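Below is one structure, written out as structure tokens; the observations come after it.
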Amino acid sequence: MPKTFRLLLVALVSSVFIILVSSQIFFFYRDNFSTHFPIKLISASLFRAGEIPYWNFFAGGGQPLAGNPNTLTFYPDNLLYLLFPALTAFNLHFLIHLTIAFFAMRSLAIAIGASRRAATIGATFYLISGITVSALAFYNLIITIAWIPAALLCAERLVLGVSWTRVLFLGSVLGLIGLSGEPVTVIATALSLVLVTARRLSLRTLAASAAAVVVALVIASPLVIAYSEIASETERAHQPFSVATVLSASVRPLQVLELYLGPFRGMVMDYSPSGYATRAGEWPRFLHTIFLGPLIVPALLFRNAPRRYQVMFASMLFISLGEHNPVIRLLVESSESLRVVRYPEKFAIPLCVAGVLLISRWIDEPTLDDRARSAILGAVVLILVGGFAVTTMQYPAPVLQRFVIGSLLALLCFALILRGPTGKLFGVLLSGGHLFFWACLGIPVDQSDPYKTAITPPPPGARVYRWLQGQPLNLPAPNATSRYRVTAGLLDPVFGATSGLRYIGDRSPEGMYSVLTRIVQERIETASLPLKLRYLRMLSCSHIITTEALPDSTGLRLERIDEIGGNRRHTYLIEGALPYVSPVRRASGVRSIQDAVRVIENPSFDEHEAAVTPARRPPTAPARIVSFRRTLDSVHVQVVADAPSTILVNESYFSGWEATARNRILPIVPLNIDRLGVIVPEGRSDVTLRFGRKRQAVGVAFSLSLLTLMASFGVALRASRNAMAAPAR
């Protein structure tokens, strides 16, 4: 059987198996649950209709989608949503990038001098490391797990010899990392490339690197253009991160011990109300362990270790300590320009890449030199000191148990390694087994069925407010899986969007909602129940979902109670909510947002009769809404006005909205702080609203991005064919 045919057969069988698995599982944890899966489900219908998803009708009372870097709207594997059901495509995204990560890491290890055997072991360690397991909870971060080693591989080849093929490869990989929309990992990748190549750069290589950056910018350009349209109006633009927010997810000093002892202080799947991994009511941080296995200790300091990757490892660890590093803290406190990114913990991704490469090279070493022996002895001292600290700090029993087990396994591994080449083999097996055990225990995957809402929610398309009152949930078992199954049934924001619900009052996890919407959300959260209901009616909210019974109030009626995992989900109907589209009968001009808040919260204000705007008072001649409909990406309204008038459309105001009627663009204004107002002409008008004034530019950029990636893929395919044909010549 020809080699090519065998490879194709293996690829086909593997692909069918992976697709079948993807249809039955769900990478459910953390951001996947609350952000990424709902967004990809919403986007899928637009992709299938041949549209770019510009606007999210289902979150925050309506918010931008394409311009939000967290949504991966322009990432090329959105093609999967055209071929498979949304859940299958969502899971395939993770499995495909894990596959890429394995082969990229293996090729990179070989490129820096590791044998094929050692490179395969290292790539396997990478897939089951704490970093990769943690990244399976983030649709955007799993991309960097795959592409950071690929970027380093491209850079290693580029410094050996410049060619347009290598420039195109490096630019394409950097562009894909840019399309992930995660600024910290973009910075971490750039810094890693500088550290690895700085001493080997020539003018020719610098010119090639600049060309690769240009290619990357072309690939990332649709996201950049779409983001530029909304950037100045988002929360993030008006409220720079505080020092505490920037440094809130930092690698803790005790986590350094977890590099080789295992996750004794908890990992992803330990989340529970009574657990030790996080306090009740809090989300676990991104990274619960940077576990690489005990081999990292001798690998870091053996004599022939690649110096550039030692420097990369040390630099990434230095930055990832964040608030626990006085230098990093001082820099963030003294420079506001550094407060545009957050979570230094993410620098642990390239740290892991460097660590695995060092392990791969060390495995090939025939002997254990004095530096490696000293590193092992130092690790033993750290184990003893850490054990004393854990005991005196009175951590809960699970921490002590895991620390003892991890310490014994590490000590056994070190003892075997010190025996010589035969002991090293057993040390590799023991370290790999240690990694594999925690990877299996911690992988954030569940069956898909519990997340397909079984209990009837409010009608699809209804606008709902999920009132989170901070009460702990009753869980059938204290672990992450049970918690998320219950919260799926409770329609936790914004997971209920998977059932067709449209949320208002939910917070943006990445600061990308309108800053005006953030103001309204804060007023809703702090208001008394009668005032809260006024805001909700104003936002066309029809239902409140809560786990507690609400006090009796005018205009609020209990519709149903559902039992979900020992919890009661109360669904209340809000009477008198404004329709989705309504004419404005009276408008009051105000000087500021504070004035608008005072007018709205005045007892005499009637949201059905009046609206407020910080703009010049718009016309309010009598008008009648004949009909309206909302399609996948636009709103269509038929209105008849006696004279120029204003209609309120219950979507969040952004200047990027484009309203047209009679082949001309209509003016728009903000109403009731953050709602969208459209000034319509006299007579009958068929008004069409679509978000994205830069649609044409984004479309052109998206086409160029895809063409560039296709060219890179074609070159890669030709190179692989040539490589397979080479032995036959």
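Computed over the range 56-172, the range of Cα coordinates on each principal axis works out to 54, 33, 25 Å, biggest value leading. Accessible area per residue for the chain, computed on protein heavy atoms with a 1.4 Å probe, is 41 Å². The length gained on full extension between LEU377 and VAL640, counted as 0.36 nm times the residue separation minus their Cα-Cα distance, comes to 86.4 nm. Summed over qualifying helices (DSSP H, 4 residues or more, each -39500 (n - 2.57)) and divided by its residue number, the chain shows a 222 nm mean residue ellipticity of -16000 deg cm²/dmol.
Once you wrap a convex hull around the alpha carbon atoms of the range 188-253, what is its projected area averaged over all directions, in nm²?
On the way: hull surface 29.1 nm².
Computed as one quarter of the Cα hull surface, the answer is 7.3 nm².
Quick check on the range 525-638: take the gyration tensor over C-alpha atoms, sort the square-rooted eigenvalues as a ≥ b ≥ c, and tell me if it's rounded (a/c under 1.5), prolate or oblate. Note, shape of the range 525-638 comes out oblate.
Per atom type, the chain shows carbon and sulfur on 62% of its accessible surface, probed at 1.4 Å. Membrane-span-like helices in the chain, defined here as complete DSSP H runs extending at least 24 Å along the helix axis by their C-alpha atoms with mean Kyte-Doolittle hydropathy no lower than 0.5, are 3-22, 86-111, 141-160, 203-230, 370-392, 397-418, 421-442, 695-725; this is a sequence and geometry rule, not a statement about a membrane. Applying the Karplus relation 6.51 cos²θ - 1.76 cosθ + 1.60 with θ = phi - 60° to the range 74-85 yields 3J(HN,Hα) values of 9, 6, x, 6, 4, 4, 4, 6, 7, 9, 10, x Hz, where x marks Gly and Pro. A cut-off of 5 Å between modelled amide H atoms, ignoring neighbours fewer than 5 places along the same chain, links LEU490 with no other residue.
In the chain, a dipole from Cβ-located charges (positive for Lys and Arg, negative for Asp and Glu) runs towards its positive end, and of GLY266, PRO294, VAL464 it is PRO294 whose Cα lies farthest in that direction.
Can you classify the range 279-362 as rounded, prolate or oblate using the Cα gyration tensor, where a ≥ b ≥ c are the square roots of its eigenvalues, rounded means a/c under 1.5, and otherwise it's prolate if a/b beats b/c and oblate if not?
Numbers: a/c = 2.93, a/b = 1.56, b/c = 1.87.
Taking the square roots of the gyration eigenvalues as a ≥ b ≥ c, the range 279-362 is oblate.
What stretch of the chain, leaving out the sites themselves, is the longest with no GluC sites (Glu not before Pro) in a DSSP loop having at most 12 other Cβ atoms within 10 Å?
On the way: sites that count: GLU282, GLU548, GLU575, GLU609.
Formally, the longest exposed-site-free interval is 1-281.
Comparing the range 1-123 with the 2.2 N^0.38 Å rule of thumb, its C-alpha radius of gyration ratio is 1.31 (two decimals).
Its Cα gyration tensor gives the range 433-573 an equivalent ellipsoid; the semi-axes, largest first and in whole Å, are 31, 18, 14.
Return the tail of the calculated pair distribution for the range 126-245, meaning the percent of Cα-Cα pairs more than 17 Å apart.
Details: 4409 of 7140 pairs.
Of all Cα-Cα distances in the range 126-245, 62 percent exceed 17 Å.
How would THR245, THR456 line up by accessible area, probe 1.4 Å, largest first?
The ordering from most to least exposed comes out as THR456, THR245.
For the range 303-409, the square roots of the Cα gyration tensor eigenvalues, ordered a ≥ b ≥ c, give a/c of at least 1.5 with a/b no greater than b/c, which places it in the oblate category. Based on every Cα atom in the range 215-261, Rg and the maximum pairwise Cα distance Dmax equal 17.7, 47 Å. The candidates LEU531, LEU108, arranged from most to least accessible area with a 1.4 Å probe in the full protein assembly, appear as LEU531, LEU108. What is the distance, in nm, between label points placed 7 Å from the Cα along the Cα-to-Cβ direction at SER15 and at LEU400? My value for the distance between the label points is 5.5 nm. The aspartates and glutamates within cross-link reach of LYS346, meaning a Cα-to-Cα straight distance under 14 Å and a gap of 8 or more places when in the same chain, are GLU182, GLU323. Using the Cα coordinates of the chain, the gyration tensor eigenvalues translate into equivalent-ellipsoid semi-axes of 49, 30, 23 Å, sorted from longest to shortest.
The values are calculated or read from the model by the stated rules, or taken from the named source; none is laboratory data. What you see is a predicted model, and the numbers here were worked out from it, not measured in a lab. Cβ atoms come from the backbone with ideal geometry, glycine included; neighbour counts cover every protein chain shown. The protein model used for the area step is the full one, side chains on, heavy atoms only, and it has no ligands, DNA or RNA in it. Shrake-Rupley method; radii C 1.70, N 1.55, O 1.52, S 1.80 Å.
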